[in-house]
1. At 7 Å along the Cα-to-beta-carbon direction for both residue 187 and residue 70, put a label point, then send me their distance in nm to one decimal.
2. Once the Cβ-Cβ distance between residue 221 and residue 77 is put in as r, and R0 is 35 Å, what FRET efficiency do you end up with, to the nearest 0.05?
3. Between residue 155 and residue 249, what length comes free when the chain is fully extended (0.36 nm per residue of separation minus the Cα-Cα distance, one decimal in nm)?
4. Just to verify a number: FRET efficiency for residue 137 and residue 232, C-beta to C-beta distance, R0 = 25 Å, to 0.05?
5. Return the Rg/Rh value of region 172-257, two decimal places, where both radii are evaluated on C-alpha atoms and Rh is the Kirkwood radius.
6. Using packing as a proxy for protection, rank 81-91, 230-240 so that the peptide with the highest average count of other Cβ atoms within 10 Å comes first.
7. For region 154-169 and region 120-134, what is the separation of their C-alpha centers, rounded to whole Å?
8. May I ask you to derive the FRET efficiency for residue 129 and residue 172 from their Cβ-Cβ distance with R0 = 30 Å, giving the value to the nearest 0.05?
């Protein structure tokens, strides 16, 4: 998902093996400690999502494998490969396509981590080509995912044109009722609300970046409200994963577990979709300070983590 065509790279050693409990500092701009598990989340989750099943054969850790230099080197290698692929082969889809937007977020972070301005310049060129406009389907989250990079670039360069059209759309999203059922029986609901779990990467993150860039809390409040609406509808506490959408609620697969044949919920795109949700949570994960979330829920509901991190992200 993160870098289109990355599966053609046969060297899967690029996918890091992350020890969960060691803190490292990889962000030269904000100087915030980041858990290794999330240090290259934009790379790891997305590569795994795009490439399908990967054999989980343990490989021994190599001395120095997780130094800041090694991590930023991997980020640079992947970002350079993708940019070169686009430069050579062109873009097969419109440049606002959500799969490209996932790549843009990783490329932006590569620029922060390496201090190399070429990544910023590349994203500026893409955004200029789009005239800083989102996609054609106005309220469809896929088509405004690119608002993430517009907001990030605006936070650096402070040129109003960078968020003009996107902010106008965000104002519409904030001001519309957002009170429809997320059931697929609601005609064309995905065109208006976040009725599939992947939208939790496209929508809340875009609004949260805009909130952070502008200082306008309303965008974050809407992101949180709609995050909870979608999580309450699609999250499975039993599996601790998200259903892709309502169409998977009644699907079952039979699986033997400890010698007993049991019926289990089939979470469509369970790895892909839930990985995408984790991608949305990831950018906010480094913030260590506790953040309040205006939502009361049972303590066993894992999406509470996501809501808290979205809140911390724009704090």
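Bear in mind that the values in this text are calculations on the coordinates, not laboratory data. The structure presented is a predicted model; accordingly, all values stated were derived computationally and were not measured. Heads up, the Cβs are rebuilt from the backbone with ideal geometry, glycines too, and the neighbour counts pull from every protein chain shown.
1. 5.7 nm
2. On the way: r = 39 Å, r/R0 = 1.11.
E between residue 221 and residue 77, to the nearest 0.05, is 0.35.
3. Stretched out fully, the residue 155 to residue 249 stretch lengthens by 29.8 nm.
4. 0.55
5. Working: Rg = 14.8 Å, Rh = 14.1 Å.
Ratio value, two decimals: 1.05.
6. Details: 81-91: 13.6, 230-240: 17.1.
Most protected by this proxy first, the peptides run 230-240, 81-91.
7. 11 Å
8. Step by step, r from the Cβ atoms, then E = 0.80.
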